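Okay, so here's the structure we're looking at.
The values are calculated or read from the model by the stated rules, or taken from the named source; none is laboratory data. All of these numbers come straight from a predicted model, not from anything done at the bench. Counting neighbours? That spans all protein chains shown, and the Cβs are built from the backbone with ideal geometry, glycine included. Each accessible area value is taken on the protein alone, full model and side chains, heavy atoms only, with ligands, DNA and RNA left out. Shrake-Rupley method; radii C 1.70, N 1.55, O 1.52, S 1.80 Å.
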Amino acid sequence: MIFHAKRFPVGLLLALVTGHALASALPEQRIVPGGVATIALGASPQPPKVRFDGVPVLVAGDASRWVAVVGIALAAKPGKATLEVERAGRPAETRTFVVKTVRYAEQRLKVAPGHVELSAEDLARYEREREHLARVAATFTDTPPESLRLAQPVPGPYSSSFGLRRVFNGQARNPHSGMDIAAPTGTPVRAAAPGRVIDTGDYFFNGKTVWIDHGAGLLTMYCHLDAIAVHAGDVVATGEPIGNVGATGRVTGPHLHWSVSLNRAMVDPALFLADAARPAPGR
């Protein structure tokens, strides 16, 4: 996970000249389950190697100031958390931070009964897909992201915020791990940042889906598409069409479900949007 300075995005390096500029280049810090922690690592000629719960962590900055950008899973327990930090020629270090408690709102939804009480065939399909998607979510490439700010992939109002505790047909399920954006079927969905398409498919819960790897453990996922316009291996630019809004998978109507994964943790996409585009917290 060593990011050589000569390979780090030039625009971001220039933006990191001052502490204020570094802060503005990073996602918003919110140290809660489903949030992001930005942990100062100090100076060193090469970026440190950082792990959180055994998983590689994205490191941003330059030789004068490195910062670990850590995704905190929705299932994380509040309390002290520890990063493992390694630097060439130095003893291993740790950095600690405190994950605060957060209470997300609850949402009750009615969906087709077959998407709550799964048949044996559908359950077997889901288990196969879950294993495959876990491998996709574990993707980590050494090339760092060109930007840690993301563009909203489709215009429209936020119809369901991140972290909502979902109750389908009266039965509690996992919290909402993305941002829902309401838009008519057929509306173009665009890449939130430059990257490489690492998976496309039609999944039981997510419907037609695209995953993009932006580098160093930063991934985005686009679900419930009506059509997919890219293939695994395609390299896309910010704003490039990757599909159209639809209502495939477990949905109550057409919309885009957009997720951001950081070091294998689904985190709030709003933290990566420009300030003016961020929704008010739905907590």
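At a glance:
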item	result
Average accessible area per residue (Å²) across segment 174-226 - probe 1.4 Å, nucleic acids and ligands excluded	25 Å²
Inter-site label distance for ARG90 and SER159 at 7 Å from Cα along Cβ, in nm	4.9 nm
Spin-label pair ALA75/LEU123, simplified geometry with 7 Å Cα→Cβ offset, distance in nm	1.9 nm
Accessible-area composition of segment 23-97, carbon plus sulfur, in percent [1.4 Å probe]	52 percent
Compactness relative to 2.2 N^0.38 Å, alpha carbon Rg of segment 49-102	1.22
Selected from ALA192, THR248, ASN263, residue furthest toward positive end of dipole (segment 178-276; charges at beta carbon)	THR248
Cα gyration tensor shape of segment 116-245, rounded if a/c is under 1.5, else prolate or oblate by comparing a/b with b/c	prolate
